[in-house]
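Student: I have a structure here, written as structure tokens, and I will follow up with some questions on it.
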Amino acid sequence: MEFVKEIWEFIQNQVLGMQWLRELIGNGLAVAGLDLSSRAGGSILFFLYDLIKIAILLCLLIFVISYIQSYFPPERSKKILGRFHGIGANMVAALLGTVTPFCSCSSIPLFMGFTSAGLPLGVTFSFLISSPMVDLGSLVLLMSIFGGKVAVVYVVLGIIVAVLGGMIIEKLHMEKYVEEFIRNASGIEIEAPKLTKKDRLLYAKTQVETTFRKVFPYILVGVGIGAVIHNWIPEQWIEKILGNDNPFGVILAVLVGVPMYADIFGTIPVAEALLSKGAQLGTILSFMMAVTTLSLPSMIMLRKAVKPKLLAAFATICTTGIVMVGYLFNLFQSVFL
């Protein structure tokens, strides 16, 4: 048992956390004459280490997830979802969301296609909630910082929010609040071409290049903010605003996260810095969920597909679920960390 624990700690610290990379960069900066104990030196170390670590994990994860995703093109996903009914359909939709695009704006076109194809509205909303919130990349990245226990529970709770959210939408019978051009769209069955292993590898490589170009600016901003928080903002400030002293920290984190637009890769360095400064775990995770699921740009894009009443219901359900997840993690923080 002790051997297994040591193996897991090695994977978490050296493979996922890449502590060897931190030491390598730190030694290089020290040789260059930089004082790593100073604010400027610490900021540079944080920035370079997190930027390179996230870029490496990003490319590897996109490649693996895109290869898996090549087996689930939209037409096949529609057929899979069409075989299930009730809560089973919501669960399958939420699980399919974990192997699809990395941000909400990317998953909205798929949601529109599924809805146009006649799939139940609640099922398509389970997919829409799950896709940006709990992709496979989030599982690995969260494991690299918060550990396996937090990552698994985060993903499980995210899927539960997606399933329950879709079921509530279904029970409210809000189909009439989908825009007419989507409701009246005629689904065209197109036989998905059979891909060879070489085709799938090429597809994964292309996805790495296009997604990296799209996501990298947000990673730069996120790592920059994280470096500032980590080395320049006093710990007492973070603890006062997002720590135990503020019972409304989760709600504040969600309100701050909604106007932003990023994906899980851009929020990770900010979350890492906040945790090191004393912010509560649930508050940090609720911030990440709000940014990836309820960003203002994605709400504007979704508004083109649904009417205000349905948009408001979606935002309310997601916000309620995210806040509950945040307080739950805060309540049991000592168990997770």
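Student: So what are the ³J(HN,Hα) numbers for the range 19-32, from phi and the Karplus equation (6.51, -1.76, 1.60; θ = phi - 60°), rounded to whole Hz, Gly and Pro as x?
Tutor: For the range 19-32, the Karplus-derived couplings read 5, 4, 5, 4, 5, 4, 5, x, 5, x, 5, 5, 4, 6 Hz, x marking Gly and Pro.
Student: When only C-alpha pairs under 8 Å and at least 6 residues apart count, what is the relative contact order of the range 7-166, in percent? Please report the intermediate quantities before stating the final value.
Tutor: Details: 172 pairs, mean separation 36.7, N = 160.
The value is 23 percent.
Student: Now a separate question. Can you tell me the convex hull volume per residue for the range 30-74, based on C-alpha atoms, in Å³ to the nearest whole number? Intermediate values should be presented prior to the final figure.
Tutor: Working: hull volume 3.2 nm³, N = 45.
Normalising the Cα hull of the range 30-74 by residue number yields 72 Å³.
Student: Report, to the nearest 10°, how far helix 39-69 tilts away from the longest principal axis of the Cα atoms in the chain, using its own Cα long axis and a range of 0 to 90°.
Tutor: Roughly 30 degrees between the two axes.
Student: Which angle between 0 and 90 degrees, to the nearest 10, do you get for helix 308-331 versus the longest principal axis of the chain when only C-alpha atoms count?
Tutor: 40
Student: Something else now. Using a cut-off of 12 Å between beta-carbons, work out the net charge of the residues near Asp50 (Lys and Arg +1, Asp and Glu -1, Asp50 not included).
Tutor: +1
Student: Can you work out ³J(HN,Hα) from phi for every residue in the range 110-118, in order, using Karplus 6.51 cos²θ - 1.76 cosθ + 1.60 and θ = phi - 60°, giving whole Hz and x for Gly and Pro?
Tutor: Result, rounded to whole Hz: 5, 4, 5, x, 5, 5, 4, 6, x.
Student: Quick check: net charge around Gly122, other residues with Cβ under 10 Å of its Cβ, Lys/Arg +1 and Asp/Glu -1?
Tutor: Net charge in that neighbourhood comes out at -1.
Student: Any idea what the relative contact order of the chain is, in percent, if you count C-alpha pairs under 8 Å spaced at least 6 apart? Intermediate results must be reported in sequence, preceding the final value.
Tutor: Details: 478 pairs, mean separation 67.8, N = 337.
20 percent.
Student: Let me ask something else. 5 Å is the cut-off here: which amide hydrogens, built 1.01 Å from N in the peptide plane, fall below it relative to Val178, excluding neighbours closer than 5 in sequence?
Tutor: Lys307
Student: If the cut-off is a Cα-Cα distance under 14 Å, which aspartates and glutamates reach Lys194, setting aside same-chain residues fewer than 8 apart in sequence?
Tutor: Glu75
Student: For Gly17, what is the net charge nearby, where nearby means another residue's Cβ is under 13 Å from its Cβ and Lys, Arg count +1, Asp, Glu -1?
Tutor: Summing Lys/Arg as +1 and Asp/Glu as -1 gives -2.
Student: Mind giving me the nanometre distance, one decimal, between the label points for Arg303 and Glu75, set 7 Å out from Cα along Cα→Cβ?
Tutor: 3.5
Student: Placing one identical point scatterer on every Cα of the chain and ignoring solvent, what is log10 I(q)/I(0) from the Debye formula at q = 0.09, 0.13 Å⁻¹?
Tutor: -0.50, -1.00
Student: Grab the beta carbon distance between Trp232 and Glu180, set R0 = 51 Å, and tell me the FRET efficiency rounded to 0.05. Mind dumping the intermediate values first?
Tutor: On the way: r = 51 Å, r/R0 = 1.01.
The computed FRET efficiency comes out at 0.50.
Student: What spacing in nm lies between the two simple spin-label points modelled at Phe216 and Phe332, each 7 Å away from Cα in the Cβ direction?
Tutor: 4.0
Student: Can you return the lysines within cross-link range of Lys171? Criterion is Cα-Cα under 25 Å, with same-chain partners fewer than 8 residues away left out.
Tutor: Lys78, Lys79, Lys304, Lys307, Lys309
Student: Oh, and also: Using DSSP loop states and a limit of at most 12 other Cβ atoms within 10 Å to flag GluC sites (Glu not before Pro), what is the longest stretch of the chain containing no flagged site?
Tutor: 1-188
Student: Same structure again: Which whole-number percentage describes the relative contact order of the range 240-315, with Cα contacts under 8 Å and a sequence gap of 6 or more?
Tutor: Reported relative contact order: 38 percent.
Student: Which listed residue (Phe111, Leu172, Met133) has the Cα farthest towards the positive end of the charge dipole for the range 99-184, taking +1 on Lys and Arg C-beta and -1 on Asp and Glu C-beta about the Cα centre?
Tutor: Met133
Student: Could you derive backbone 3J(HN,Hα) for the range 288-304 from the dihedral phi with the Karplus parameters 6.51, -1.76 and 1.60 (θ = phi - 60°), listing whole Hz in sequence and x where the residue is Gly or Pro?
Tutor: Rounded to whole hertz, the list is 4, 4, 5, 5, 7, 9, 10, 4, 4, x, 5, 5, 5, 5, 5, 4, 5.
Student: Sticking with this structure for a sec: Along the charge dipole of the chain, Cβ charges K/R +1 and D/E -1, which of Val306, Val163, Ala30 sits furthest on the positive end?
Tutor: The residue sitting farthest along the positive end of the dipole is Val306.
Student: Additional query: Setting aside same-chain residues fewer than 8 positions from Lys277, which lysines have a Cα under 30 Å from its Cα?
Tutor: Partners found: Lys5, Lys53, Lys149, Lys214, Lys240.
Student: Would you mind getting me the FRET efficiency between Ile56 and His173? Use the beta-carbon distance for r and R0 = 45 Å, nearest 0.05. Numbers along the way, then the final one.
Tutor: Working: r = 47 Å, r/R0 = 1.04.
Computed FRET efficiency for Ile56 and His173: 0.45.
Student: In degrees, nearest 10, range 0 to 90: what is the angle between the Cα axis of helix 121-133 and the longest Cα principal axis of the chain?
Tutor: 20
Student: Sticking with this one: Show me the trypsin sites (Lys or Arg not before Pro) within the range 221-307 that DSSP assigns to loop and that have at most 12 other Cβ atoms within 10 Å of their Cβ.
Tutor: Lys304
Student: Of Lys307, Lys53, Lys171, which has the most accessible area with a 1.4 Å probe, and how do the rest follow in descending order?
Tutor: Lys171, Lys307, Lys53
Student: Right, here's the next one. Subtracting the Cα-Cα distance from 0.36 nm times the residue separation, let me have the gained length for Val152 to Val31 in nm, one decimal.
Tutor: Once the chain is fully extended between Val152 and Val31, it gains 39.6 nm.
The values are calculated or read from the model by the stated rules, or taken from the named source; none is laboratory data. On a predicted model such as this, the values are computed, not experimentally measured, just so you know. Positions of Cβ are generated from backbone atoms using ideal geometry, with glycine treated the same way; all protein chains shown enter the neighbour counts. Ligands, DNA and RNA are stripped out before the accessible areas are found, and what is left, the full protein with its side chains, is counted by its heavy atoms. Shrake-Rupley method; radii C 1.70, N 1.55, O 1.52, S 1.80 Å.
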